[in-house]
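The values are calculated or read from the model by the stated rules, or taken from the named source; none is laboratory data. These numbers were taken from a predicted model, which means no experiment stands behind them. Neighbour counts run over all protein chains shown; Cβ positions are idealised from the backbone, glycine included. Just so you know, the surface numbers come from the protein's heavy atoms only, side chains and all, with ligands and any DNA or RNA stripped out. Shrake-Rupley method; radii C 1.70, N 1.55, O 1.52, S 1.80 Å.
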Amino acid sequence: NSQTSASVTLTTEQKSKIRTTVLQSSSAPKVSRSQINFSLNIGTTVPRSVHFVTVPSTLVEIHPAWRGYSYFIVDDEIIIVDTSTMRIVAVLSV
């Protein structure tokens, strides 16, 4: 699959920015780990019952390939989803 996303390495500064802008955003869909019954691995298909929203500009600035993708948050991890395939393309631990 040529769409496979390589892992993205974030700098301390980028992680800090993501924590303050994305994790603390009131509009971010947050899910607790106990509520999900699928693995948070790249390539895993996310069930349609999971609520997610479009990736914010903060993340697109850091990694432009995520433009148009969606995300949700599980604890302190940001899960990036390709909405055309419903597959996880990145898991960011910030």
- Message: Quick test of your reading of the structure: residue 34 fulfils all but one of (1) in a helix (DSSP H, G or I); (2) of a type in the set (S, T, N, Q); (3) within 28 Å of residue 12 (Cβ to Cβ). Name the failing condition by number.
- Response: (3)
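So, in segment 57-71, exactly how many residues are of a type outside the set (Val, Ile, Thr) and in a helix (DSSP H, G or I)?
Total satisfying the criteria: 6.
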- Item | Residues of segment 25-55 classified as touching a strand residue (DSSP E or B) at 6+ places or on another chain (Cβ under 6 Å), open to solvent by 100 Å² or more (accessible area, probe 1.4 Å) and under 14 Å from residue 71 (Cα atoms), total | 1
- Query: Out of the residues in segment 72-84 that are in a strand (DSSP E or B) and open to solvent by 10 Å² or more (accessible area, probe 1.4 Å), which is farthest from residue 39 (Cα to Cα)?
  - Reply: 82
- Query: Given the structure, is residue 22 open to solvent by 30 Å² or more (accessible area, probe 1.4 Å) and either in contact with a Leu (Cβ under 8 Å, 6 or more places away or on another chain) or assigned to a strand (DSSP E or B) (or both)?
  - Reply: no
- Note on the structure: In the set 40, 92, the lone residue that is touching a helix residue (DSSP H, G or I) at 6+ places or on another chain (Cβ under 9 Å), in contact (Cβ under 8 Å) with a residue 24 or more places away in the chain, assigned to a strand (DSSP E or B) and closer than 20 Å to residue 23 by Cα is 92
